[in-house]
Amino acid sequence: MEQLDERKMKILQAIIRNYLETGEPVGSRTISKYTDLNLSSATIRNEMSDLEEMGYIVQPHTSAGRIPTDRGYRLYVDSMMEENARQVEELKEMLVEKDEKMDHLLKQVAKVLAVNTNYATMVTAPRTSGNKVKFIQLSRVSDEQILVVVVAEGNIIKNTIISVSEPIDDETMLKLNILLNTSLNGLAIDEINLALISKMKTQAGEYGAFIGDVIDAVAETIKDDDDLEVYTSGANNIFKYPELANEENASGLINAFEEKQILAQLAEYNSDESETKNGIRVYIGEESPISGIKDCSIVTASYEFGDGMKGTIGIIGPKRMDYEKVVGTLQTIKGQLDAMYSEDKK
C-alpha cells in the first residue's frame, strides 16, 4: 500500500469522516470547508483524482462526490489505530516515569515530616476525583476478541478484552470507535446515565450488547479506586509519649500503620475541603475517624497534582501536640507539592 503525503492523507480522512457522518458522496467544496489545508476546490479535485486512481476513493455516479473504498477504509483505520496506539504507549511511558518519581517523592515527604515533627506521619498517593473519559480505542485481537483501551483523566489507562460471537469488520469497528468517543469523551461516571446508554445501544444496532460491555469497561476505569497507596514514617515516635505508649494505645496505632488501608480512610474524610480551614483539618481525640487511635490528634491536608489528582498528608501524635508547628509544616509541604504540578505544566 502506497504511502500518502500529508495533504492526500488529510483529504482522505476528511472524505471518510464526512461520509461516515452523512452517508452521502463528498465533493471538493465540502472538503475545502472541512479541512484546515486552505486549498482551492480545484486543487482538492486534483488530489481527489489522484486518490481515486490509487484506489482509495471512488465516484459512484457521474458528477457526484466521492466515497471511500475498502482500501481507503483500511488505510484510515490502520492510521487511526497506529496514532491511538502511539498515544497510549506515550501515556504508559509517562505514567511509569511519573509513578517512579512520585513513589520516591512521597516516601521522602513522609520521612521528612516524621523527623521534623517527631510524630507519626502518612501520605496517600494522589488519585483522581470525578474521573472523566479522555478517549476510547477498540482494536481487533482476533475474530472472537476485541481489545478495549480506555484512557481517563489523570492518564489512567485500562485494557479490557471483550469476546464477540461474530467478527466485527473494519468499517463497523471504525463506526463503533466514533460512536463511543463522540458520546463519552469528557464525561464522568455519573454523567453516563441510562438514557445515554440506551441511545448508544440503539445507534449501535446489532452491536448494542457489545457497546454495553464496552461501557462497563469504561465505568470500571473511571470509578474511584478501592485500594490506595499509603506511605508512612515515624510510627516508633509514638513511644516517646507516655500517654500513647501503653499497650492499648500502642497496639491501635501500630495496627493502623501496619494495615495501611485503615489510614486511607483519612483521605475519604479529608475529601470535602468545604469543611476545612485553609485546606487543613484537625481531629482531636474522639473526633478521629479511625477507630483504635481515639487518644490521638490527627492533622491532615490535601495536596493536588492536577487533572483532579489529589492526595492527603497526615500527622498523628498526642493530643498535646504542637499544633502551630504541625499546621505550619503541613501548609508548607502542601504548598510545595501543589507548586510542583504548576511548574510541570509550564
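The values are calculated or read from the model by the stated rules, or taken from the named source; none is laboratory data. Keep in mind it's a predicted model, so treat the numbers as computed, not measured. With ideal geometry, Cβ positions are generated from the backbone for all residues, glycine too; neighbour counts draw on all protein chains shown.
One table, with the values for the structure above:
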read-out: Elements of type strands (runs of 3 or more DSSP E) contained in region 116-235, each with 2 or more residues being within 30 Å of C296 (Cα to Cα); value: 120-124, 230-233
read-out: Unmet requirement for E21, which otherwise passes all of (1) out of contact with any helix residue (DSSP H, G or I) (no Cβ under 7 Å at 6 or more places or on another chain); (2) touching a residue at least 60 places away in the same chain (Cβ under 8 Å); value: (2)
read-out: Meets criteria (free of Cβ contacts under 8 Å to residues at least 12 places away in the same chain and among the basic types (K, R)) for K111; value: no
read-out: Boolean, E191 is modelled with pLDDT under 90, under 15 Å from the mean Cα position of the chain (by Cα) and among the charged types (D, E, K, R); value: no
read-out: Elements of type helices (runs of 4 or more DSSP H) contained in region 238-330, each with 2 or more residues being at pLDDT 70 or above and closer than 28 Å to M102 by Cα; value: 247-258, 260-269
read-out: Residue check for V58: among the β-branched types (V, I, T) and either over 36 Å from the mean Cα position of the chain (by Cα) or at pLDDT 70 or above (or both); value: yes
read-out: Residue among A209, A188 that is assigned by TED's automatic domain parsing to the domain that holds V149, farther than 25 Å from S163 by Cα and of a type outside the set (D, E, K, R); value: A188
read-out: Long-range neighbours under 7 Å by Cβ, at least six apart or interchain, first residue outside the structural domain of D216 (by TED's automatic domain parsing) within region 162-178, second buried (at least 16 other Cβ atoms within 10 Å of the Cβ); value: none
read-out: Which listed residue, of V26, V58, is under 20 Å from S79 (Cβ atoms) and buried (at least 20 other Cβ atoms within 10 Å of the Cβ); value: V26
